[in-house]
1. Just checking, does the stretch 249-261 include any residue being out of contact with any Lys or Arg (no Cβ under 7 Å at 6 or more places or on another chain), assigned to a helix (DSSP H, G or I), in contact (Cβ under 8 Å) with a residue 60 or more places away in the chain and not acidic (D, E)?
2. Kindly provide the set of residues from the stretch 199-216 that are under 24 Å from F114 (Cα atoms) and modelled with pLDDT of 95 or more, ordered by number.
3. In this structure, is A227 small (G, A, S), more than 23 Å from R180 (Cβ to Cβ) and touching a helix residue (DSSP H, G or I) at 6+ places or on another chain (Cβ under 7 Å)?
4. Can you work out which of the residues in the stretch 194-213 that are more than 17 Å from the chain's Cα centre (by Cα) and in contact (Cβ under 8 Å) with a residue 60 or more places away in the chain is nearest to A227 (Cα to Cα)?
5. Quick one: is T112 of a type in the set (S, T, N, Q) and assigned to a helix (DSSP H, G or I)?
6. Taking into account only those residues within the stretch 2-39 that are out of contact with any Asp or Glu (no Cβ under 6 Å at 6 or more places or on another chain) and on the phi > 0 side of the Ramachandran plot, which is surrounded by the fewest Cβ atoms within 10 Å (Cβ to Cβ)?
7. When residues of the stretch 141-193 are filtered for being of a type in the set (S, T, N, Q) and surrounded by 21 or more Cβ atoms within 10 Å (Cβ to Cβ), how many remain?
8. Would you check which residues across the stretch 1-59 are touching a Phe, Trp or Tyr at 6+ places or on another chain (Cβ under 8 Å) and of a type in the set (K, R) and list them?
Amino acid sequence: MSTYAIGDVQGCFQELQDLLDKVNFDETKDKLWFTGDLVNRGPDSLSTLRFVKQLNAISILGNHECHLLAITAGIIRPSKNDTFEQILSANDLPSLIKWIRHLPLLYFDEETQFVLIHAGLPPQWDIDFALAQAKTVESVLQSNKIHDFLAHMYGNLPDLWDEALTGWDRLRFILNVFTRMRYCKTNGRMNFEDKGPPGTQSSEFYPWFTLDKRKSRNNKIIFGHWASLNIKNISMAHTYNVFPLDTGCVWGKKLTAMRLEDRTLHNVPSRQKR
């Protein structure tokens, strides 16, 4: 039996099938984890959602799933780059949306001691505290307050953790941490403007996982979201006990899986022309 963690699929359903064929995935024995962003920008988000849902795989809530929730709630209209058309017209849309609403923001596996998130963690948060913050937002997404929350979801502020944060500000900060974070200052102040590989960011900002005083540094953390991390930076990240798996399939690069048991990487080339 093997467990494979897979980076951001973003609707690249055929590449997902190619990858599972490559590792000889057996759904009767093996397990799949996904770093979130199953949907959007790629050609077949609907098949991807249906496949992962019927497998009962572990998946994390990503920023593109949050965007889809806001669209289906009527908060915002799809942008020209969104590829949600098949999902929005699907007869099983209500069950798919219900499933997405119940995805976790953080998954911690007691057996393997791996942590699965989509984007990042502030340096002040240890895993127990991060789990508690994740559950705060998850409970709202699963409640009748979801529409109000989605209406207040978009925005970059606040960008620094403060225990005194309340209401929509606190919830927005938590969601941004888990679904959008890449760079931050040593005090944890986030930067949402820089999206390139390390070395291209503004001064005084660092990849979140490189901070020496990060309280989660002793945890094995799998994440996605950062397609611009190149092979050199991915290898560097492993020295920080983190395992980035978004290798830009939707941007014409590749789709990657890591087998948790031995941390070996497996990938297949993208079929997307970018």
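The values are calculated or read from the model by the stated rules, or taken from the named source; none is laboratory data. Quantities reported herein were computed from a predicted structural model and do not represent experimental measurements. Counting neighbours? That spans all protein chains shown, and the Cβs are built from the backbone with ideal geometry, glycine included.
1. Yes; the residues of the stretch 249-261 include at least one that is out of contact with any Lys or Arg (no Cβ under 7 Å at 6 or more places or on another chain), assigned to a helix (DSSP H, G or I), in contact (Cβ under 8 Å) with a residue 60 or more places away in the chain and not acidic (D, E).
2. Passing the criteria: Y206, P207, W208, F209, T210, L211, R214, K215, S216.
3. Here the answer is no, as A227 does not meet what is asked.
4. If we take residues in the stretch 194-213 being more than 17 Å from the chain's Cα centre (by Cα) and in contact (Cβ under 8 Å) with a residue 60 or more places away in the chain, then L211 is nearest to A227 (Cα to Cα).
5. So T112 does not fit the description; no.
6. Among residues in the stretch 2-39 that are out of contact with any Asp or Glu (no Cβ under 6 Å at 6 or more places or on another chain) and on the phi > 0 side of the Ramachandran plot, the one surrounded by the fewest Cβ atoms within 10 Å (Cβ to Cβ) is N24.
7. Final tally of qualifying residues: 2.
8. Hits for the stretch 1-59 are K31, K53.
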